[in-house]
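Written out below as structure tokens is the structure these notes cover.
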Amino acid sequence: MWSMEVLLPLASVGAIAGFLAGLLGIGGGMIIVPIVLWALGRQGITGDHGQHLAVGTSMAVMVFTTFSSAWAQQKKGAVRWEFVRRMAPGLVAGSLLGSLVSNRIPTFGLQVLFIVFCYSVAAKNLFQLNPKPAATLPSGRMQAGIGGLFGLLSSWVGIGGGSLSVPFMMYCRAPVHQAVATSSVLAWPIAVSGALGYLLSGWNVPGLPAGAVGFWYVPCIVVLGACTVLFAPLGVKAAHRLPPAGLKRAFGVLMVVIGSQMLWKLLHGA
């Protein structure tokens, strides 16, 4: 039975995830995955596919979040569409492939990957580890290949890939506000293909809880999706008005907390 003790934290985290998605050009999955795992636990839902459900649900939520962010960024005129055209096919292929084979990866492996990714994102944001601009831009094929790698990794962690694509855009000499805007658009094909892949890969898996469709947990999608869509445009507005350095550091601290919490649970079997 869903109660306010579950709904309020879900709605609050959805609002934060949506705001950060618009602000930093990310999909918000690094925040969505842990709250879905928490909500599943509060409903007494345990089993071998908790992480798969959390990642699949995150991808489905991000379909709405990233579309809202991308639409708001396009209205600001900051999107570099040449990068979108070159990278989107690889992103779709990588995300779809990764999500389709996800049911072959044990929950433990997905959790370890998520923890490592949390700490990597934290280090980048806390220490401002931005790449130096390239002397020459990568070729179109190279950008497509990099997109495929980003899509693959994103599908296993449950993110929109902004923590990967924003540094890459900056490496390609895009100003930071254009990198964030372009990353917001690139996150949408990752989310769509990843969500579809998790739906299909979990379709015939036995023992999934009521409310699950494949590896989507629909009640969380409804609550989180609505909140992220409402708050993503606010993050976009803030991104064009505020220097994001302080917020990036705060996001880095949050990633340390989330990664450490999941590591503690993994080590103690919680």
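The values are calculated or read from the model by the stated rules, or taken from the named source; none is laboratory data. Predicted model, so just to flag it, every value in this text is computed and none were measured. So basically every Cβ, Gly included, is an ideal-geometry build from the backbone, and we count neighbours across all protein chains shown. Surface accessibility is based on the protein's heavy atoms, side chains included, excluding ligands, DNA and RNA. Shrake-Rupley method; radii C 1.70, N 1.55, O 1.52, S 1.80 Å.
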Checked segment 22-64 against the a/c 1.5 cut and the a/b vs b/c comparison, axes a ≥ b ≥ c from its Cα gyration tensor; verdict prolate
Accessible-area order for 177, 52, largest to smallest, probe 1.4 angstrom, reads 177, 52
Label zone at residue 74 (point 7 Å along Cα-to-Cβ), backbone N below 12 Å, segment 210-252:
none
Rounded to the nearest 500 deg cm²/dmol, what is the calculated helix-only ellipticity per residue at 222 nm for the chain, with -39500 (n - 2.57) per DSSP H run of length n ≥ 4?
-26000 deg cm²/dmol
Linear extension gain, residue 134 paired with residue 237, 0.36 nm per residue minus alpha-carbon span:
34.2 nm
Using per-residue counts of other Cβ atoms within 10 Å, averaged over each peptide, order 222-229, 153-160 from highest down.
153-160, 222-229
Can you quote the Å³ per residue value for the convex hull of the Cα atoms in segment 14-98, rounded to an integer?
90 Å³
Where Lys and Arg each count +1 and Asp and Glu each count -1, what net charge lies around residue 128 among other residues with Cβ under 9 Å from its Cβ?
+3
Inverse of mean 1/r across different Cα pairs in segment 44-85, Kirkwood, Å:
12.6 Å
GNM on the chain, C-alpha springs below 10 Å: top fluctuator among 25, 151, 140?
140
Counting only protein heavy atoms and using a 1.4 Å probe, what share of the accessible area of segment 57-148 belongs to carbon plus sulfur, as a whole percent?
68 percent
Lys and Arg at +1, Asp and Glu at -1: neighbours of residue 166 with Cβ under 11 Å from its Cβ sum to +2
Taking 25 °C and 0.890 mPa s as the conditions, I'd like the Stokes-Einstein D for segment 142-248 in µm²/s, using the Kirkwood hydrodynamic radius from alpha carbon pairs.
157 µm²/s
To the nearest Å, what is the center-to-center distance of segment 70-137 and segment 6-36, using C-alpha atoms only?
17 Å
Between residue 173 and residue 104, what FRET efficiency comes out of the Förster formula 1/(1 + (r/R0)^6) with R0 = 41 Å and r the beta carbon distance, rounded to 0.05?
0.60
Would you list 82, 5 from the most to the least accessible area, probe 1.4 Å?
5, 82
Would you mind classifying segment 78-152 by shape? Square roots of the alpha carbon gyration tensor eigenvalues, ordered a ≥ b ≥ c; an a/c under 1.5 is rounded, otherwise it is prolate if a/b is larger than b/c and oblate if not.
oblate
For the chain, shape from the Cα gyration tensor axes a ≥ b ≥ c, cut at a/c of 1.5 then a/b versus b/c, turns out prolate
Report, to the nearest 10°, how far helix 176-201 tilts away from the longest principal axis of the Cα atoms in the chain, using its own Cα long axis and a range of 0 to 90°.
30 degrees
Net charge, residue 68 excluded, C-beta distance under 14 Å - Lys, Arg +1, Asp, Glu -1:
+3
Lysines with Cα under 30 Å of residue 132, excluding same-chain neighbours fewer than 8 positions away
75, 76, 124, 237, 248
